[in-house]
Amino acid sequence: MNDLKEFWEPGYLIADQNQDGVPDHINVNLQLPEEFTPSGLIDFCARLGFETTALTFDFLNGNEQAEYQMDFVQDEKVTALKLHQTSRRLSVHYRSEQEVSRFLQFLACEWPVADMDKKPVETIYFSEEEWWVEQGEKTPVSFPKCDEDPQYKKSAVKSLTELWEYDAFISDSTPNPTHKQSLSIHVDKGISQEIFLDICYGAARIGMSSTALQLPMTNVGEADVFLQIETQNKGQCEIKLEGERIKVQGKGLALRHAVRYLLHDKHWREGGNVSFWERPDLDPTQEEYVVSSLEWEGERETVVCLDLIRTHHSNEADEITIFLSEPLSERKKIRNKVQKMTGVEKVNVYSSFKPIVCIVMEDWIEGLRKVASEIGHIKFVCKEEMNADGCELPIRWIQELYPLDEWLGEELSLHKDVVTFELNDEQDSQVIMEVYDKSGCVILEETILVPIDSMNYVDGKKRVYPVSNEVRWMVGGEVCKQKAFSTDRQNFYQFYQSHVLDSFLANLKMNEGQPLFDRIEIDVEMSEPEEKLPVEHERISSLEALHEDLYFNTLHFFDIHSKNQHSPGGVYPFMKVREGSKPKAYIKIYQREHAGFKEGAVIGLTFSSNHTYPTEIMKDIDGVFKSEKTSSPPPSSIKVGEHVLNSKSASFRWIPEQSYKGRWIPVYEWFTKTNESYLSRKKLSVYKPTVLIEAGHHANEVSSRPSVIELMDELSEKKRIDHLNIVVIPNANPDGDCIHKEMTKENPEWKHHAARYNAVGLEYAEHRYQSTPFGEARVVTDIMHRWAPDIVIDNHGIPAHEWIQPFAGYNSPPRFKKSYWLPNALIYGIARKLQGSRYEKQRDLLEQIQNHMMEKVQGTILEEKNKEWMDRYKKYGHQWLPDVFPVEQTGSLLFFTWETHPDPESHVAISRFPDWVSADLISEAADETVYGNDLKLCIEAQKVFNTSILEVISHKQSTSNYQEGGYHIIERKRPLIMKGETINEETLTHRI
Ligand SMILES: [Zn+2]
């Protein structure tokens, strides 16, 4: 330094040690005389802290390795700061402690003064009234008056548990990139230097954590919060919260413990002791108990079938056709028995689950093979479903045929597009197969009428029309008699509707904010078709369909019948496919006592000289004071558990929350590392763009969790994210994850949507920014507070195979407006598009992201796979019902933009914080319970999605540092500056 005007510039007292362009170290050591405690030193330290993003408490009488040494020399003549050029030494001469206090305050608040002469300053002189440099003229000392804008007035601290909660001494009540700190510190004169220096360090930490810092901090009458440290002659020390005042009263070691706890210790979420008694793992485990236990056992449908034939057999019949929801092996046994029993030779036993696919595969294929070489095309004319009260789509019978075109193509060595569909609203049978030769003549025709039953949908209004069982006696191809009967699945589902949903509901008591029950466990065992098809992930699995029906229909039932109760409780259908077994089910409904929310505000903490943490807390519970002993010693460090993948490159692991079922939800952070003990995320976010990536939101969507870790480890290694801060929730829904692991043990390839939401069936994202007992809903809010990210990414997935629910209209759940029956892409995007003229930049940015992503996908296997899925989706869905099966593309990439309006109540980041969140995106990969190469492909797809976003953010952002209204402010312009964007260089970085 050769000019004291550069005093606060980076590169001198403050350094950038890791060379990433961000100040991260206090590079000066202040050598203080004994018993020297000028209050202005608190302001000076606060300013030192404000100028950096990281620090260590070693710059007061400490670090002799520091590049700059600053000493204090008593002087009879002058109070002044002198720069010794050769030795990187600074000396403060002072006539009295009072004058040097004011001088330090002046340096912290006012230095350097605007419009000074260009000549280097080597000495600053100071008296109570005036300051001057060398031969310069004397200028009266003034400190700016703080013009407090009531709009910025913080809500008062409500509880001492809020301190350091989000990386700041006192956090704002709503997330904000600006952390404005208006604090007045008053310290009793009689305090020991040891404790005084602890307070100075605390001021530096508070300064560091602020992006708008009110200075001075001492001797001010106007502030949001007052911190008073008073020596009082009593054995114990107390920290008391009295309105806007935090009072620390005591002496000796107890006082020192209290000060250190308040200003040095870290929050329990950071591994410290602050508010350790709030740790959720200290809550006693909630006892769970069974409220209701039900058993169901049905007569096998095969037994019912044989009984019907025994009783009703028509001797004139020359053919019998039977529909049964059974695997092929069981159906063959029934055919043999019926042949023996009746003497009828021609007995057809078809499946009543996806019957037409089975009939084509088992029966019609013979005829098709015979004419294979002549086939020009195959047309399936499907009945248009017209039941006005039904949940089914008009294309119900085209859905039924999926994925026959590809299967037939393989079997007959034809292109799948040889198979076409047509809708017809006049025919009786659901499907007619017309096979044409190359000249357009019909060479084969088959048709079938499958038995349909009718049942209530859970909403009590609509009906559903599932395929059911039937015995048909025929003479000469004409039906002469028929008997319908239910499938095992129907029988059980009817029982479930009446005995669980309809009767259980009446006994449930609402409990505000809490789930109605803990969980319903449904164990079902049945003999049902379960077959993997040689087409992608497709399978014929009636119990997978029942799993989906039980789960979503139960949730829908509660949606309708208990308004405002978005979390009925967990619904866990465990399905066992057991060929030839009697259908049975066990249903258990569990309840759990809820600890609920922490009661009352902590308004007092007591310290003794024996412990560094509070031994007693005082709570204010609705005006009643209650004192509690804390558990001592504080609990040991947090062990996260194996449900979260490790990252070898993450800079920090923060553990802010536990899930509803008590599993930790860590957050991994990537930023350029320092060796400092303290750092401020909010400050780091001022210097660099910050991106939040949430993985595993819906737990049966399996690719994002491994993908995000792999991606971050790779990018860190290649140093491609040095210009960013990245925050990752590696496993956002650990309870769902655990359910998923449990369910895939028995059925490893099903979608398992019961593991989608949290433990109690809640789309917890909708509960963000609210007081909620679900930790999984609070994590994003915590991160918005701590980092104020510019971009929010939520990695999701969709099924990898067909999603049908026969008891909900043979489609994905009716509670979704769009159909998710068929996957529409291997990877696609969704983004919120902010509406309104103010948000043009956000929209431009989104467009840039979309285009970049589209280019990255182009020419890759992802594009190829996307096209395959899009072809299917268009052939089976979009071409018939474009509103239910929508398509919105950026070039070849499927990318939906959802119009979003600013809304301070929204749970969507960009809608809630439109002025500082730049983009809000969702990825969707076809990854629901996939393995091996398919999983690898989805992992890759998620990486490409996330990387495309990271790659468009420019290294150059516009940061400014200035003073206004008594505040020192550092801020970065938002929304983000993207690559290629022309910016005014002057706006890049300007300092005071
Ligand atoms: Zn999802």
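Summary of computed values
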read-out: Tabulated pairs, region 513-524, first crowded, with 24+ Cβ neighbours inside 10 Å, second part of a loop (DSSP other than H, G, I, E, B) and modelled with pLDDT of 95 or more, C-beta under 9 angstrom, 6+ apart or interchain; value: 524/583
read-out: From the options 892, 948, residue that is small (Gly, Ala, Ser) and either modelled with pLDDT of 95 or more or farther than 30 Å from residue 538 by Cα (or both); value: 948
read-out: Members of region 95-132 found to be touching a helix residue (DSSP H, G or I) at 6+ places or on another chain (Cβ under 9 Å) and of a type in the set (Phe, Trp, Tyr), listed by number; value: 103, 106, 111, 126, 131
read-out: Matching residues, region 698-737, being in contact with a strand residue (DSSP E or B) (Cβ under 9 Å, 6 or more places away or on another chain), more than 26 Å from residue 271 (Cβ to Cβ) and not hydrophobic (A, V, I, L, M, F, W, C); value: 698, 700, 701, 703, 704, 707, 723
read-out: Identity of the residue in region 915-974, within 16 Å of the ligand (Cβ to nearest atom) and among the charged types (D, E, K, R), that ends up nearest to residue 756 (Cα to Cα); value: 928
read-out: Among (1) modelled with pLDDT under 90; (2) surrounded by fewer than 18 Cβ atoms within 10 Å (Cβ to Cβ); (3) basic (Lys, Arg), the one test that residue 582 misses; value: (1)
read-out: Residues of region 297-314 satisfying the condition of being outside any helix (DSSP H, G or I) and of a type in the set (D, E, K, R); value: 297, 299, 300
read-out: Residue check, residue 670 away from the ligand (no atom under 16 Å from the Cβ) and over 24 Å from residue 976 (Cβ atoms); value: no
read-out: Residue that is within 16 Å of the ligand (Cβ to nearest atom) and crowded, with 22+ Cβ neighbours inside 10 Å, where the choices are 728, 780; value: 780
read-out: Pairs where the first residue, in region 678-698, is on the phi > 0 side of the Ramachandran plot and the second is within 16 Å of the ligand (Cβ to nearest atom) and of a type in the set (A, V, I, L, M), C-beta under 6 Å, 6+ apart; value: 696/732
read-out: Single residue of region 706-722 satisfying the filter (more than 29 Å from residue 179 (Cα to Cα) and touching a helix residue (DSSP H, G or I) at 6+ places or on another chain (Cβ under 6 Å)) that is nearest to the ligand (Cβ to nearest atom); value: 707
read-out: Meets criteria (modelled with pLDDT under 90 and on the phi > 0 side of the Ramachandran plot) for residue 172; value: no
read-out: Region 787-811, subset in a loop (DSSP other than H, G, I, E, B) and of a type in the set (Phe, Trp, Tyr), residue farthest from the ligand (Cβ to nearest atom); value: 810
read-out: Positions within region 436-467 being in a loop (DSSP other than H, G, I, E, B), touching a strand residue (DSSP E or B) at 6+ places or on another chain (Cβ under 6 Å) and farther than 30 Å from residue 417 by Cα, in sequence order; value: 454, 457
read-out: Matching strands (runs of 3 or more DSSP E) fully within region 1-92 where at least 3 residues are within 27 Å of residue 169 (Cα to Cα) and in contact with a strand residue (DSSP E or B) (Cβ under 8 Å, 6 or more places away or on another chain); value: 28-31
read-out: Among residues of region 879-929, those that are without any contact (Cβ under 8 Å) to a residue 24 or more places away in the chain and either crowded, with 16+ Cβ neighbours inside 10 Å or of a type in the set (Lys, Arg) (or both), counted; value: 1
read-out: Hey, residue 973 modelled with pLDDT under 95 and basic (Lys, Arg) or not; value: yes
read-out: Whichever residue in region 752-777 is charged (D, E, K, R) and either within 26 Å of residue 918 (Cα to Cα) or in a strand (DSSP E or B) (or both) and, among such residues, is farthest from the ligand (Cβ to nearest atom); value: 768
read-out: The listed residue being outside the structural domain of residue 209 (by TED's automatic domain parsing), farther than 24 Å from residue 556 by Cα and within 16 Å of the ligand (Cβ to nearest atom), out of 826, 834; value: 826
read-out: Selection count, region 647-703, where residues are part of a strand (DSSP E or B) and under 20 Å from the mean Cα position of the chain (by Cα); value: 20
read-out: Any hit, region 200-219, residues being assigned to a strand (DSSP E or B), basic (Lys, Arg), under 19 Å from residue 967 (Cβ atoms) and within 33 Å of the chain's Cα centre (by Cα); value: no
read-out: Verdict on residue 379 being more than 22 Å from residue 812 (Cα to Cα), in contact with a Ser or Thr (Cβ under 7 Å, 6 or more places away or on another chain) and modelled with pLDDT of 95 or more; value: yes
read-out: Given (1) under 30 Å from residue 514 (Cβ atoms); (2) within 16 Å of the ligand (Cβ to nearest atom), number of the condition residue 743 does not satisfy; value: (2)
read-out: Positions within region 673-705 being farther than 13 Å from residue 946 by Cβ, in contact with a helix residue (DSSP H, G or I) (Cβ under 6 Å, 6 or more places away or on another chain) and within 16 Å of the ligand (Cβ to nearest atom), in sequence order; value: 696, 699, 700
read-out: Positions within region 408-435 being in contact with a helix residue (DSSP H, G or I) (Cβ under 9 Å, 6 or more places away or on another chain), surrounded by 17 or more Cβ atoms within 10 Å (Cβ to Cβ) and assigned to a strand (DSSP E or B), in sequence order; value: 419, 421, 431, 433, 435
read-out: Where residue 377 falls short, out of the listed (1) part of a strand (DSSP E or B); (2) crowded, with 17+ Cβ neighbours inside 10 Å; value: (2)
read-out: Subset of region 187-227 (residues that are surrounded by fewer than 24 Cβ atoms within 10 Å (Cβ to Cβ), of a type in the set (Gly, Ala, Ser) and within 15 Å of residue 258 (Cα to Cα)); value: 192
read-out: From the options 540, 560, residue that is part of a strand (DSSP E or B) and either of a type in the set (S, T, N, Q) or touching a residue at least 40 places away in the same chain (Cβ under 8 Å) (or both); value: 540
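The values are calculated or read from the model by the stated rules, or taken from the named source; none is laboratory data. These numbers were taken from a predicted model, which means no experiment stands behind them. Heads up, the Cβs are rebuilt from the backbone with ideal geometry, glycines too, and the neighbour counts pull from every protein chain shown.
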